[in-house]
1. Rolling a 1.4 angstrom probe over the protein heavy atoms, how many square angstrom per residue are accessible across the chain?
2. Got a sec to turn the phi values of the stretch 257-262 into Karplus ³J(HN,Hα) couplings, 6.51 cos²θ - 1.76 cosθ + 1.60 with θ = phi - 60°, whole Hz, x for Gly and Pro?
3. If you place +1 on the Cβ of every Lys and Arg, -1 on the Cβ of every Asp and Glu, and leave all else neutral, what size is the dipole of the stretch 150-279 about its Cα centre, to the nearest 20 Debye?
4. Amide H of R29: which non-local residues (sequence gap of 5 or more, or other chain) have their own amide H closer than 5 Å, using H built in the peptide plane?
5. If each of A64 and R40 carries a label point 7 Å out from its Cα toward its Cβ, how far apart are those two points in nm?
6. Can you compute 3J(HN,Hα) from phi for each residue in the stretch 329-338, using the Karplus curve 6.51 cos²θ - 1.76 cosθ + 1.60 with θ = phi - 60°, rounded to whole Hz and x for Gly and Pro?
7. Amide H neighbours of L242 under 5 Å, counting only residues 5+ apart in sequence or on other chains, H built in-plane at 1.01 Å?
8. Using amide H atoms built 1.01 Å from N in the peptide plane, name the residues 5+ places from V45, or on other chains, whose amide H lies under 5 Å from its own.
Amino acid sequence: MHPEQTGAAGDEAPVGPLAGFTVGVTAARRADELGALLRRRGAAVMHAPALRIVPLADDSELLAATKQLIDHALHVVIATTAIGFRGWVEAADGWGLGDALLDRLREVRLLARGPKVRGAIRAAGLTEEWSPPSESMAEVLERLLEEGVEGQRIAIQLHGEPLPGFVESLRAGGAEVVGVPVYRWMPPEDIGPVDRLLDATVARALDAVTFTSAPAAASLLDRAERRGMREELLDALRHDVLAACVGPVTALPLEAHDIPTSQPERFRLGPLVQLLTAELPGRVRPLPVAGRRLEIRGHAVVVDGELRTVPPAGMALLRALARRPGWVVARAELLRSLPGAGRDEHAVETAMARLRTALGSPKLIQTVVKRGYRLALDPSAETKYADA
């Protein structure tokens, strides 16, 4: 699956804040929405769902939990996701237990984690007692423990995410806790896109990978382990490719491997995209070159605010030059940076000519006769860019 290229050279096309960057999307649900938000800001997107959601309408575990809750009195039910709550009610309907389940839920204190699951509760003809403003399970736990849970029977609709300490804390407070497993996370039926995303991450062809669930993050790490490339993946995510997570729970599997993550203050797709919009351009150091402002992004270059699409070979040369801006880089060294170029230094000249054409300004790169090439760095302009 190749990333979709967004943005092209030309004075008329505005440069989006993510133009020139490529972002991997591991989400199974709402991936189209996340991809559209990223493309709208100029990013190229590589979508590789790391998991798929499998409803448990025919699962004996869910049926047994539902019957148990209907047959035995409850004090509190915690609904965590809209898709999970709806799936639970629909499954109960299919078993002929729908009315009995709703009757039981009308008798208990029904807590909703956030506005979406609150909407699902009301669509089922029920009313929640309370929902935390922060949409945080930590706030739900804090409220329950403050009120006291000794001797209470509490059911929690599980949603595949880890809930570190949640169930343990309730049980330590004296509650009986019943889990309601509504759906499972399973590996994708087609593993090809995930493998291509892993290859792109290790090759640093991606600038960021987004995660919207902890199981997806864990699944990606597991697939890398199975392919014998876990250490390569960890190195890429630790040093070069930004791991952007929708929240701290999603980040847990990554941070357990010492992968630094970035998270928005609000655990939503919009803020996640805003985070990338701020962080990815911030990781690029603008260079004053031959009187121009040069930004080297993932698969493109921005010259004085204009996006210039550069071929992969040209990007490889430009990155090699930018590692030592202003210094002469020998042709032999530039040749080694070209993928599959062999031993013919003429390949450097050919790629360099195409690079200069793509940049639209031949003076950005100077030829140093019999030595190599250099970026025409203008140190006197650095103060001006710093002030800007």
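The values are calculated or read from the model by the stated rules, or taken from the named source; none is laboratory data. Keep in mind that what you see is a predicted model, and the values were worked out from it rather than measured. Note that each Cβ is placed from the backbone with ideal geometry, even for glycine, and that neighbours are counted across all protein chains shown. Only protein heavy atoms, including side chains, enter the accessible area calculation; ligands, DNA and RNA are left aside. Shrake-Rupley method; radii C 1.70, N 1.55, O 1.52, S 1.80 Å.
1. 47 Å²
2. 10, 6, 8, x, 10, 10
3. In total the dipole reaches around 300 debye.
4. none
5. Placing both labels 7 Å along Cα→Cβ, they lie 4.6 nm apart.
6. 10, 5, 4, 4, 5, 5, 4, 5, 7, 7
7. A208, V209
8. Under 5 Å from the amide H of V45: E4, V23.
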